[in-house]
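The values are calculated or read from the model by the stated rules, or taken from the named source; none is laboratory data. Just so it is clear, the model here is predicted, and its values are computed rather than measured. Virtual Cβ from ideal backbone geometry, glycine too; neighbours counted across all protein chains shown.
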Amino acid sequence: MSKKLAEAMADLDEDIVLSEVKALKQQGVDPLEIIESLQEGMGIVGKRFEEKEYFLSELIMSAEVFNEASQLIGGMGESGTSKYGVFVLGTIYDDIHDIGKNIVTTVMRSNGFEVIDLGVDVPTAKFIEAIKQYKPKVVGISCLLTTCFDNVKECIQAIEDAGLRSDVKVLIGGGPVDEATGKYVKADIVAKNAQNTVDYCKKFVEVQ
Amino acid sequence: MKTTQELYNERLERLNKTLALEKTDRTPVILQMDGFCATHMGYTLADLCKGVKESNKIMLESLKDLGDVDGSESSFAAGSVFPLTFMARVKLPGRDLPDNMLWQLDEAEMMKPEDYDTIINKGWSNFAPGYLRDRLKVNVDEIMEDIAYGPQATKNIIDAGYVVYKQSTSLTVNEYLGGGRSMVKFMRDLFKIPDKVEAALEVLQKEVVEGLRKQIRDSKASVVFLSPARGASEFFSPKLWERFVWKYIKETADAVIEEGAVCNIHMDGNWERDLNYFKDFPKGKIVLETDGATDIYKVKEILGSNFCIKGDVPAAKLALGTPDEVYNYSTQLIKDMGNGFILSSGCSVPPNAKVENVKAMISAATGK
């Protein structure tokens, strides 16, 4: 574990992060160990976010730095490492918002989750197919439009009808989504932001 | 029975007194609605997006059906105009989307880092038209031709006895770059090349505020709608917020106030951390328009004695709640907010709001 790298990552110091990753790579350090240091730094970013020292701006910047750094060592691949298992995520059909979903994807990956990003305007069948194929512990549905609440509800009901509901927790998030929405669509958890998603998923995985 | 002119005068007086924090016979209700009007009156969202004239007709029908509201936030639906304000492409129902799918920004990194230099060296007005036409493939002439109906659209609503709340609209300049660069890239720029972003914003600010001042004079606007769309405190650390968001809200609102209008600041998201900044404005010169994400009671506590508050029946409640829930929420707001309060939805009334919920919100103010 490189303390210098973890600290630079936590401080969002891109120049030091990149030079340290290059140096460690040249020294022949295992890429997985480098990723672990970066993830250690991301853990501190999360803590600072919780303590209101960092905000969405820093969360986004941290994800960008993490992406750059991981690319230097061959990238995290499509799905990243799977210290905490698989997380399936998509924006519900009829909704093409992708910014929030993309932030969650990157923040989750950089915190040790394998993320299957299904994209935007995702039909129910694709969520079900992904749950069957990847067997995630948590599936995330992003929804930025009140007009799509019924689509989320239908999707969650279909997951239940397919007999998959007992194996997977359903997390929803997005601007207009609140606790009442969560109750209406029968989600397990309403995530207020990307860090909230990480915290919930880690807690759930650790409990398992 | 009152004539439409008498109704208009009564409603306008009620609104103006509220803006001045004076006591009124009842709380005014101003509806922020466009998509809702289409579903309410049996049209598709594609019908609403055909043009300014069409959306104005649908919105007026909806207003008349809803009865004793004081007015509408605007006189036409803005979906098709979005590219000119957010510098991003928009997908419209009936054109890029199915007829009843809501219009949505199709945000991508369309503005490149080198564009900052172009803006700094050549000016915003020498950059924006070409960017919209060549990169976003937006037919600016067609949109401008459509918007030219705006004054008539406003007149149609006034002639029916309703107030049109905002007569002029602007975004804070950081939103032009945030939309064009896309949110993530813009945030990154704030960390990597803050001075360059700031230099471009200064160029933009000078030109945009000049244009806004002219717009206010030409339209004789009494209320100007200023949207710092994604400027909420929750999105930025305090240092970034102060430098790249607040500065432009303050300068723009000051210019609006100098021109003699009231500045309605549209506050989507959670602004609680920074409410104290707004104390700097002169009494009665701004309206804080919140969407339910900021605790409206905090707004009242910190700023309520000096400024009018507008909000904040949540969109989700209008879509999923019962009429009783909406009525009780609205009634409580009216009671607790007191003078200087305009009852409204939190941001727009969503297209899938239940008509009986919207009517329940109105009833809470009118007592009918």
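Here is how the numbers come out for the structure above:
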{"item": "Residue A:103, sole failed condition from (1) within 26 Å of residue A:40 (Cβ to Cβ); (2) in contact with a Ser or Thr (Cβ under 8 Å, 6 or more places away or on another chain); (3) within 12 Å of another protein chain (Cβ to nearest Cβ); (4) of a type in the set (A, V, I, L, M, F, W, C)", "result": "(2)"}
{"item": "Residue in the stretch A:121-143 that is nearest to residue A:83 (Cα to Cα), counting only those that are of a type in the set (A, V, I, L, M) and within 15 Å of the chain's Cα centre (by Cα)", "result": "A:138"}
{"item": "Extreme residue, farthest from the chain's Cα centre (by Cα), among residues of the stretch B:52-106 that are more than 28 Å from residue B:172 (Cα to Cα) and basic (Lys, Arg)", "result": "B:95"}
{"item": "Count - residues of the stretch B:44-73 that are closer than 26 Å to residue B:18 by Cα and part of a loop (DSSP other than H, G, I, E, B)", "result": "5"}
{"item": "Single residue of the stretch B:229-240 satisfying the filter (at pLDDT 95 or above and part of a loop (DSSP other than H, G, I, E, B)) that is surrounded by the fewest Cβ atoms within 10 Å (Cβ to Cβ)", "result": "B:237"}
{"item": "Only listed residue being within 20 Å of residue A:59 (Cβ to Cβ) and either β-branched (Val, Ile, Thr) or part of a helix (DSSP H, G or I) (or both), chosen from B:185, B:155, B:196", "result": "B:185"}
{"item": "Those residues of the stretch A:142-190 which are within 14 Å of chain B (Cβ to nearest Cβ) and hydroxyl-bearing (Ser, Thr, Tyr), in sequence order", "result": "A:142, A:146, A:147, A:181, A:184"}
{"item": "Enumeration of residues in the stretch B:190-208 that are surrounded by fewer than 19 Cβ atoms within 10 Å (Cβ to Cβ) and touching a residue at least 24 places away in the same chain (Cβ under 8 Å)", "result": "B:193, B:194, B:196, B:198, B:199, B:207"}
{"item": "Residue within the stretch B:323-335 that is modelled with pLDDT under 95 and either more than 14 Å from chain A (Cβ to nearest Cβ) or out of contact with any strand residue (DSSP E or B) (no Cβ under 8 Å at 6 or more places or on another chain) (or both) present", "result": "no"}
{"item": "Residue that is away from chain A (no Cβ under 11 Å), surrounded by fewer than 21 Cβ atoms within 10 Å (Cβ to Cβ) and within 30 Å of residue B:57 (Cα to Cα), where the choices are B:217, B:243", "result": "B:217"}
{"item": "Boolean, residue B:46 is more than 24 Å from residue B:290 (Cα to Cα), crowded, with 21+ Cβ neighbours inside 10 Å, small (Gly, Ala, Ser) and in contact with a strand residue (DSSP E or B) (Cβ under 7 Å, 6 or more places away or on another chain)", "result": "no"}
{"item": "From the options A:103, A:131, A:141, A:96, residue that is assigned by TED's automatic domain parsing to the domain that holds residue A:155 and either in a strand (DSSP E or B) or among the hydroxyl-bearing types (Ser, Thr, Tyr) (or both)", "result": "A:141"}
{"item": "Neighbours by Cβ (under 7 Å, 6+ apart or cross-chain): first from the stretch B:54-83, surrounded by fewer than 20 Cβ atoms within 10 Å (Cβ to Cβ); second among the polar types (S, T, N, Q) and assigned to a loop (DSSP other than H, G, I, E, B)", "result": "none"}
{"item": "Residue in the stretch B:27-43 that is in contact (Cβ under 8 Å) with a residue 60 or more places away in the chain, within 14 Å of another protein chain (Cβ to nearest Cβ), part of a loop (DSSP other than H, G, I, E, B) and closer than 29 Å to residue B:361 by Cα present", "result": "yes"}
{"item": "The stretch B:118-136, subset assigned to a helix (DSSP H, G or I) and either at positive phi or exposed (fewer than 14 other Cβ atoms within 10 Å of the Cβ) (or both), residue farthest from the other protein chains (Cβ to nearest Cβ)", "result": "B:122"}
{"item": "Yes/no for residue A:89 being away from every other protein chain (no Cβ under 14 Å), of a type outside the set (Gly, Ala, Ser) and closer than 30 Å to residue A:127 by Cα", "result": "yes"}
{"item": "Residue in the stretch B:91-101 that is out of contact with any strand residue (DSSP E or B) (no Cβ under 8 Å at 6 or more places or on another chain), outside any helix (DSSP H, G or I), within 14 Å of chain A (Cβ to nearest Cβ) and crowded, with 22+ Cβ neighbours inside 10 Å present", "result": "yes"}
